[in-house]
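Before any comments, here is the structure.
Every read-out reported here was derived from the displayed coordinates using simple, explicitly stated rules and does not represent laboratory data. Just so it is clear, the model here is predicted, and its values are computed rather than measured. All Cβ positions, even for glycine, are placed from backbone atoms using ideal geometry, and neighbour counts span all protein chains on display.
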Number of protein chains: 2
Amino acid sequence: MTVLFERVALIGIGLIGSSLAHVMRSKGLAGEITGYAKSEATRAKSVELGLVDRVFDSAADAVKDADLVILCSPVGTYGALAQEIGPALKPGALLTDVGSVKGAVVRDVLPHLPPGVNFIPGHPIAGTEQSGPESGFAELFINRWCILTPLPDSDPKAVEALTGFWRACGSNVENMTPEHHDLVLAITSHLPHLIAYNIVLTAADLEEVTSSEVIKYSAGGFRDFTRIAASDPTMWRDVFLNNREAVLEMLGRFSEDLSALQRAIRWGDGETLFDVFTRSRQIRRSIIAAGQDTAAPDFGRNPPKAQ
Amino acid sequence: MTVLFERVALIGIGLIGSSLAHVMRSKGLAGEITGYAKSEATRAKSVELGLVDRVFDSAADAVKDADLVILCSPVGTYGALAQEIGPALKPGALLTDVGSVKGAVVRDVLPHLPPGVNFIPGHPIAGTEQSGPESGFAELFINRWCILTPLPDSDPKAVEALTGFWRACGSNVENMTPEHHDLVLAITSHLPHLIAYNIVLTAADLEEVTSSEVIKYSAGGFRDFTRIAASDPTMWRDVFLNNREAVLEMLGRFSEDLSALQRAIRWGDGETLFDVFTRSRQIRRSIIAAGQDTAAPDFGRNPPKAQ
């Protein structure tokens with residue numbers, strides 16, 4: 001048990017914030033944890049679950065004297081929060097976040113920070129479709145990547161300290177620029193979520209096939225999309241509003257590729273279909289080899305059991 | 001242990017065929033199981049694993065004297081197989097299949113059958129991304145739906161017998177017309193697979209983001225698509241070639257809906273995005289309530305464990 005930061009402030013206590021609280025508790029990474037949440041219910045639940053030592057209804061109060069401040073609310077809230085907490089941040093404090101976009105976060109947060117505060121944006125690539133303070137667990141970050149996007153004038157010692165924190169949470173840490181992060185995540189996360197939301201919408205609006213049929217027969221593939229399409233709507237609205245350019249770029253490419261497949265189906269071009277389907281298998285195998293998923297049939301959704 | 005059919009012939013021994021063999025063995029549903037597979041390796045493996053009692057390199061030989069014949073190979077092979085086995089089928093035999101399309105199966109198989117054979121197309125909505133005779137397991141069909149599409153002159157007793165067989169495998173059985181089946185599956189299974197294949201392709205072809213980055217950060221959502229995009233390429237080529245009209249119809253609707261979301265992103269219309277994302281949550285909840293998926297965070301991919 002090594003205390004890495006004497007006082008840590010969590011601004012927002014949902015899936016990620018509560019998971020961070022659990023791992024800090026279980027590994028003794030923080031001397032004290034303070035928290036801010038917008039809703040009364042979340043504040044009460046956070047105390048009840050022992051996630052934080054003290055909870056505040058003002059973000060500025062929560063960050064007072066904190067050595068590490070972590071923004072864990074939807075990215076659309078960061079600008080106003082930075083404006084509020086900026087003057088209250090302790091000189092030398094380390095400020096980071098867990099938002100799914102990084103360019104817009106730098107744009108919204110940086111102007112409000114006083115000199116002497118180390119701002120190092122971050123993004124743990126970890127999550128489930130659950131949300132809220134009850135949904136967190138200490139193991140969420142284990143063997144997952146956490147991307148840090150240090151700014152050109154970030155203090156190397158602060159980057160090192162934040163890297164150590166995420167490693168202690170079980171993550172592997174990688175650095176890149178905010179711009180590159182936003183491109184990478186546009187294809188690995190934002191576009192998949194958009195597509196998933198969209199197909200669920202398409203299915204819901206059919207006249208020839210009822211919703212109850214869609215639900216009944218979803219094991220054929222549809223349900224794979226619904227998991228990520230059940231993610232927090234506020235968080236995802238903010239992601240798309242704040243990573244517009246990169247998402248539209250990836251979406252354009254996706255639509256082009258889809259038109260080519262559509263054409264292959266229309267013309268009965270089995271060879272093209274077979275080639276595409278064969279290539280995608282290789283990518284799946286690479287993901288399993290990289291330890292980012294399990295090869296268990298059906299994700300163990302339907303575990304074999306004796307009758 | 002009740003023997004439902006004295007002799008069962010499996011034509012094709014992949015994921016579904018081998019899973020059927022396992023469940024027939026474990027529940028004693030068949031007096032004897034014969035099998036046909038195109039490849040020597042699959043035939044040898046099927047005997048080695050004890051899936052079949054006798055294996056043949058001719059489908060006509062495998063179906064001789066069989067009471068129940070189940071086509072378990074890709075649907076593109078059915079026409080030629082029906083032509084071959086038609087004359088060898090025992091009068092009164094029950095012929096079914098497990099193909100993912102039904103209209104085209106009726107079109108390809110029916111003309112080759114002698115009078116007195118009961119042909120009842122079927123489709124178990126169950127599977128994993130694995131394939132081959134080693135991939136099967138007896139529990140694959142438990143609590144899954146199996147759709148039967150009896151023909152207008154199907155013998156009700158044969159329908160009843162086949163229904164009993166699938167129930168003994170653990171499935172719930174539903175009847176519908178081949179045409180309606182193909183529409184339902186186009187949205188619940190075929191379109192999701194096409195979309196999944198397509199996004200994997202889009203990701204693989206990017207210049208700004210490397211394949212290794214896509215793989216590393218796939219936990220952000222992308223990996224959910226890769227599971228179904230790793231399914232058997234031959235089977236899926238045949239599905240798209242044989243359910244063209246319904247797939248193109250669903251794809252057209254999907255693309256329209258996607259254009260609307262694209263527009264909302266371009267115009268910064270957060271309200272539309274939030275509404276769409278909120279609606280899709282409800283569908284996810286219905287799928288879990290219907291028992292077709294688990295609510296376990298992350299499908300239990302990353303099970304919490306003590307450190």
Ranked list, fewest to most other Cβ atoms within 10 Å of each Cβ, for B:Met250, A:Met235: A:Met235, B:Met250
Long-range Cα-Cα pairs in the protein assembly as shown (distance over 35 Å), rounded percent: 44
Shortest-first nm distances, A:Thr177 label point to equivalent points in other copies (7 Å, Cα→Cβ): 5.9
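Please find the FRET efficiency linking A:Ser212 to A:Asn143, where r is the Cβ-Cβ separation and R0 is fixed at 41 Å, and quote it to the nearest 0.05.
The value I calculate is 0.60.
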Too-long pairs where the Cα-Cα distance tops 27 Å, listed order kept, from B:Lys45/B:Lys157; B:Lys45/B:Lys216; B:Lys38/B:Lys102; A:Lys64/B:Lys216; A:Lys216/B:Lys45: B:Lys45/B:Lys157; B:Lys45/B:Lys216; A:Lys64/B:Lys216; A:Lys216/B:Lys45
Mean residue ellipticity (222 nm) of chain B, computed from DSSP H runs ≥ 4 via -39,500 (n - 2.57), nearest 500: -14000 deg cm²/dmol
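What average count of beta carbons from other chains do you get within 10 Å of the Cβ of residues in A:255-261?
6
Can you give the average number of partner chain beta-carbon atoms within 10 Å of each beta-carbon in peptide B:173-186, as a whole number?
On the way: counts 0, 3, 0, 1, 0, 0, 1, 3, 1, 0, 4, 9, 6, 3.
For peptide B:173-186, the averaged partner shielding equals 2.
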Likely footprinting exposure, A:Thr210, A:Thr226, fewest C-beta neighbours within 10 Å first: A:Thr210, A:Thr226
Average beta-carbon neighbours from other chains, 10 Å sphere, peptide A:236-247: 4
Cβ-placed point charges (K, R +1; D, E -1), dipole of the protein assembly as shown about Cα centre in debye, nearest 20: 1060
Charge dipole of chain B about the Cα centre (unit charges at C-beta), most positive-ward option of B:Thr149, B:Val63, B:Gly28: B:Gly28
Gained length - A:Val47 relative to A:Lys157, 0.36 nm times residue gap less alpha-carbon distance: 36.4 nm
The stretch A:197-307: Rg to Rh, with Rh as the Kirkwood radius over Cα pairs: 1.00
Cβ crowding within 10 Å averaged over residues, with A:60-71, A:25-36 ranked highest first: A:60-71, A:25-36
Distance (nanometres) between label positions extended 7 Å along Cα→Cβ at B:Asn172 and B:Gln83: 4.1
Relative contact order for chain A, counting Cα pairs under 8 Å that sit 6 or more residues apart, in percent: 15
Nearest-first distances (nm) between copies at B:Gly132, label 7 Å from Cα via Cβ: 4.4
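The stretch A:5-176: D in µm²/s via Stokes-Einstein (Kirkwood Rh, Cα pairs, 37 °C, 0.692 mPa s)? Walk me through the intermediate numbers first.
On the way: Rh = 15.5 Å.
Taking Rh from Cα pairs, D becomes 211 µm²/s.
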Fewest-first ranking of B:Ser18, B:Ser231, A:Ser154, A:Ser39, using other Cβ atoms within 10 Å as the exposure measure: A:Ser39, A:Ser154, B:Ser231, B:Ser18
Where Rh is the Kirkwood radius over Cα pairs, Rg/Rh for chain A: 1.01
Bins of 10 Å, starting at 0 and running to the largest distance - Cα pair percent for the stretch A:27-128: 15, 47, 34, 4
Those residues of the stretch A:101-121 whose amide nitrogen sits under 18 Å from the label point placed on A:Glu6, 7 Å along Cα→Cβ: A:117-118
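When DSSP assigns beta bridges and you keep just the ones with both residues in the stretch A:5-176, what percent turn out antiparallel, to the nearest 5? Could you put the intermediate results ahead of the total?
On the way: 3 of 26 bridges.
Of those bridges, close to 10 percent are antiparallel.
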Whole-Hz couplings from phi, Karplus 6.51/-1.76/1.60, listed for the stretch B:6-13; x for Gly and Pro: 5, 9, 10, 10, 9, 9, x, 10
